[in-house]
1. Please give the length that would be gained between LYS123 and VAL27 if that part of the chain were fully extended, namely 0.36 nm times their separation in residues minus their C-alpha to C-alpha distance (nm, one decimal).
2. Give, in nm to one decimal, the length gained when the segment between ARG52 and ASN93 is fully stretched (0.36 nm per residue of separation minus the Cα-Cα distance).
3. Could you tell me what percent of the accessible area of the chain is made up of carbon and sulfur, with a 1.4 Å probe and every protein chain present?
4. If you line up the Cα atoms of the chain on their principal axes, what length do they span on each, largest first, in Å?
5. Would you check the chain for Lys pairs whose C-alpha atoms are within less than 28 Å, ignoring same-chain pairs closer than 8 in sequence, and give me the count?
6. Tilt of helix 65-83 relative to the longest C-alpha principal axis of the chain, in degrees (0 to 90, nearest 10)?
7. Taking only the C-alpha atoms, wrap a convex hull around the stretch 67-161 and report its volume per residue in Å³ as a whole number.
8. Rounded to the nearest 10 degrees, what's the angle between the helix 86-110 long axis and the longest principal axis of the chain, both from Cα atoms, 0 to 90?
Amino acid sequence: PALLPAYVLAGRFDRPVAILGKELLHVRTLLAVEAARLAALYAPAGSLDGARKILASAKELEHDALAHVERELDFFRALVQSSEIWPSVWLANAFFAPMRELQAALAPMVQHVPKNHQREMNKLLDLIEQRDAEGATAHVRAFFDRVDVELLGAIGRVLTSAPPPQGKGSPR
């Protein structure tokens, strides 16, 4: 995962940008779905308070794409942590740091904050608190499916206009 930001920001891809963008968003969705599933199955009562605080503070970030994506990563990380399944937390941490770096580079250029984010994530927390793992994972998937339609075009424009890499070859 640590190679992801360098690879994407280098701007030299083995597949078309549209495919790369779609697959990166798919991986993000898989991680979010797993965070919701773990929290719904294992989070003890009261352990979602951290996620609720993060979400509450995200309301004021609706016009700041970079702050929004950072807060969203914090939110999903808090969901994984609430499960207290520590090997999953450790694995998630390996992905969150590179995702944070990549999003920090792309968010200011993409400038996208999903509509109804606050409402949708509050609904997700409600499903998790009801221990509805199936409903929570379906909700996350449906939310990101809608969001990704909006994001794909913007990400494609950003990645195709990314500056050429320094030196020869693409990072691997």
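1. The span from LYS123 to VAL27 would gain 32.4 nm if fully extended.
2. On the way: separation 41, 0.36 × 41 = 14.76 nm, distance 1.97 nm.
Computed gain between ARG52 and ASN93 is 12.8 nm.
3. Numbers: 5370 of 9290 Å².
Ligands and nucleic acids excluded, carbon and sulfur give 58 percent.
4. Extents along the principal axes, in whole Å: 53, 33, 24.
5. The result is 9.
6. Once rounded, one gets 50 degrees.
7. In the stretch 67-161, the Cα convex hull volume per residue is 98 Å³.
8. In the chain, helix 86-110 runs at an angle near 50 degrees to the longest axis.
The values are calculated or read from the model by the stated rules, or taken from the named source; none is laboratory data. Small disclaimer: the values here were computed from a predicted structure and weren't measured. A quick note on method: Cβ atoms are made from the backbone with ideal geometry, for glycine too, and the neighbour counts reach across all protein chains shown. Protein only, heavy atoms only, side chains kept; ligands, DNA and RNA dropped before computing areas. Shrake-Rupley method; radii C 1.70, N 1.55, O 1.52, S 1.80 Å.
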